[in-house]
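Here is the structure we will look at.
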Amino acid sequence: MSNVSSARLKARYAAERRFRALGLIAVLFSALVLAFLLVTMTANAVGGFKRAELRFPVNLAASGMTVDPANLSSGDAVSQLETAGLPDVVTAAAASALGVNAAAELDPQAWRELAMTIAADPQSLRGSVNAELPASDDLAAALRGDGASDDLKAMAAKLRAEGKLAQAWDLGFLTRADATGPQAVGIWGALKGSMLTMLITLVLAFPIGVLAAVYLEEYAPKNRWTDIIEVSINNLAAVPSIIFGLLGLAVFLTIFPNYRSAPLIGGMTLALMTMPVIVISGRNAIKAVPPSIRDAALAVGASRVQTVFHHVLPLALPGILTGTIIGMARALGETAPLLMIGMRAFVATPPEGFTSPASVLPVQIFLWSDEIDRGFVERTSAAIIVLLAFLLVMNGLAIYLRNRFEKRW
């Protein structure tokens, strides 16, 4: 009998070791897949944070522009410089330093960057500046070695060997909005749109979801109607997101027809999708609070409202915030419902407020990924990195608040 028991014990220990080994293998496999994904996206995104720049000197003092540096500090300096002929000055300087053919490959709006540099330092009008301005999309493609003619590739190779053409870090990618070419696009317009949309979503979904959870768990009578409400909320949490987009299209855009593609409509639509998740997690967190907390509060004379809001809700807040993190993270990555309400519009300027036309990061990534130009493919990878960074910052803040309000009993 002892031999049989010993054999069974050895078999149990062997099974436990195999289970632990399988669990470790699963964790390592998941970590490797995640690392591969992050490394691949980061490698592809490096090119997206760069652009092709033509470098040449511009002698502003000898350009003949009659602009007083003292007047550039007031008014629209870019318009003043345009009227004074800065675009022609830049074109002439590029033709002189690079050659006529290479100067033709300068981005038509490149002079605006030099104008902003002059506006920041008006005294540069009295001397010479080394301009580093964006090249055309065709020359950028030739520098990458794809989608260009042999002559253009030869020109790019020659300019690069002379130090007049280079791939440089493009900090403006984080400050510009959408554009028609990959050299001029930026992510700030979509990033600001995501921030405004997420703010509307949080302001609407969090208080309503928490109050609904408190009522259903602490005050609602247990009858057929509350059972129907509970089943409906659980079903809503599993409804495909595009259904909420159709609801936003049918309801919110009917009520506010002038706010199509605005963060206000997008936030309200995503709030409908996020609210069931917050209600379910809130109810579970409230239910996890020991009944002794309620009994003790009532025993010392606290009212029902004081018991809930002074004792139960603070103890349940970490669990509620966990559900909020999950819901907001899901809302941040959604594209389908926002496409339904028109947030796929071409928006060349960042939104000024909650009612301005805007795009969001997932939709911007979707639109860029549909472009043929390889430059947009790299920009798409860079936008994905920005989206992941925004998600990490948002989740990190929520986790900090959850730990900050966590209480032990």
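The values are calculated or read from the model by the stated rules, or taken from the named source; none is laboratory data. Just so it is clear, the model here is predicted, and its values are computed rather than measured. Cβ atoms come from the backbone with ideal geometry, glycine included; neighbour counts cover every protein chain shown. For the accessible areas, the whole protein counts, side chains as well, though only heavy atoms, and no ligand, DNA or RNA atoms are used. Shrake-Rupley method; radii C 1.70, N 1.55, O 1.52, S 1.80 Å.
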Give the cross-link partners of LYS222 among the lysines, using a straight C-alpha distance below 16 Å as the criterion and excluding same-chain residues fewer than 8 apart. LYS287
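Placing +1 at every Lys and Arg Cβ and -1 at every Asp and Glu Cβ, with all other atoms neutral, what dipole size does the chain have around its Cα centre, in debye to the nearest 20? Show your work: numbers first, answer last.
Numbers: 33 positive and 31 negative charges, 542 e Å.
The dipole of the chain has a size of about 2600 debye.
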Using the per-residue mean of other Cβ atoms lying within 10 Å as a proxy for protection, in what order, highest first, do the peptides 4-17, 128-141 fall? 128-141, 4-17
Accessible surface of ILE278 - all protein chains present, 1.4 Å probe, nearest 10 Å²: 0 Å²
Which of the listed residues, ASN101, ILE228, PHE354, is farthest toward the dipole's positive end in the chain, when Lys, Arg count +1 and Asp, Glu count -1 at the beta-carbon? ILE228
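In Å, the Kirkwood hydrodynamic radius of segment 1-79 over pairs of distinct alpha carbons? All intermediate terms of the calculation are to be shown ahead of the outcome.
Working: mean 1/r = 0.0487 Å⁻¹.
About 20.5 Å for segment 1-79.
How large is the convex hull of the Cα atoms of the chain per residue, expressed in Å³ as a whole number?
Numbers: hull volume 102.5 nm³, N = 409.
With only Cα atoms used, the chain gives 251 Å³ per residue.
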Using heavy-atom solvent-accessible surface (probe 1.4 Å) with all chains present, what is the largest-first order of ASP227, ASP107? ASP227, ASP107
With every protein chain kept in the model, how would you rank MET116, MET275 by accessible area, 1.4 Å probe, largest at the top? MET116, MET275
Suppose R0 equals 41 Å. What FRET efficiency, 1/(1 + (r/R0)^6) with r the Cβ-Cβ distance, do ALA15 and ALA302 give to the nearest 0.05? 0.20
So, in Å, what gap is there between the alpha-carbon centers of segment 171-203 and segment 1-60? 31 Å
Gaussian network model of the chain, Cα springs within a sub-10 Å range: biggest mean-square fluctuation belongs to which of LEU249, LEU216, LEU165? LEU216
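Tell me, Kirkwood radius of segment 163-211 from alpha-carbon pair distances, in Å?
Working: mean 1/r = 0.0752 Å⁻¹.
13.3 Å is the Kirkwood radius here.
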Out of GLN167, GLN183, GLN80, any idea which swings most in a Gaussian network model of the chain, alpha carbons joined below 10 Å? GLN80
With Cα springs under 10 Å, the Gaussian network model of the chain assigns the largest mean-square fluctuation among GLY145, GLY23, GLY342 to GLY23
With every protein chain in place, what's the accessible area of THR322 (1.4 Å probe, Å², nearest 10)? 50 Å²
Could you compute Rg(Cα) / (2.2 N^0.38 Å) for segment 113-221, with N its residue count? 1.89
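For the chain, what does -39500 (n - 2.57) per DSSP helix run (n ≥ 4), summed and divided by total residues, give at 222 nm, in deg cm²/dmol to the nearest 500? Please report the intermediate quantities before stating the final value.
On the way: 18 runs with 259 residues, N = 409.
It lands at -20500 deg cm²/dmol.
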Among ALA35, TYR219, SER63, which residue has its Cα positioned farthest towards the positive end of the charge dipole of the chain, with +1 placed on the Cβ of Lys and Arg, -1 on the Cβ of Asp and Glu, and the dipole taken about the Cα centre? TYR219
PHE354: accessible area at probe 1.4 Å, nearest 10 Å²? 80 Å²
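Span-like helices, the chain: DSSP H, alpha-carbon axial extent 30 Å or more, mean Kyte-Doolittle 1.0 or greater, which ones? Display every interim value, and only then the final one.
Values: long enough: 2-46 (65 Å, 0.91); 188-214 (38 Å, 1.79); 263-288 (36 Å, 1.17); 374-405 (47 Å, 1.07).
Span-like helices in the chain: 188-214, 263-288, 374-405.
Run through every distinct alpha carbon pair of segment 358-401 and return the Kirkwood hydrodynamic radius in angstroms, one decimal place. Write down the numbers at each step before the final one.
Working: mean 1/r = 0.0883 Å⁻¹.
Evaluated over segment 358-401, this radius sits at 11.3 Å.
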Candidate lysines for bridging to LYS153, where Cα separation is under 29 Å - those fewer than 8 sequence places away on the same chain excluded: LYS50, LYS164
Ranking ALA205, THR117, ALA166 by how far each Cα lies towards the positive end of the charge dipole of segment 101-239 (+1 on Lys and Arg Cβ, -1 on Asp and Glu Cβ), the top one is THR117
State the Cα centre-to-centre distance between segment 342-409 and segment 214-240 in whole Å. 32 Å
When the solvent-accessible surface of protein heavy atoms is calculated with a 1.4 angstrom probe, in what order do MET268, MET273 fall, highest first? MET268, MET273
For segment 260-409, compute Rg over Rh where Rg is the Cα radius of gyration and Rh is the Kirkwood radius from the inverse mean 1/r over Cα pairs. 1.14
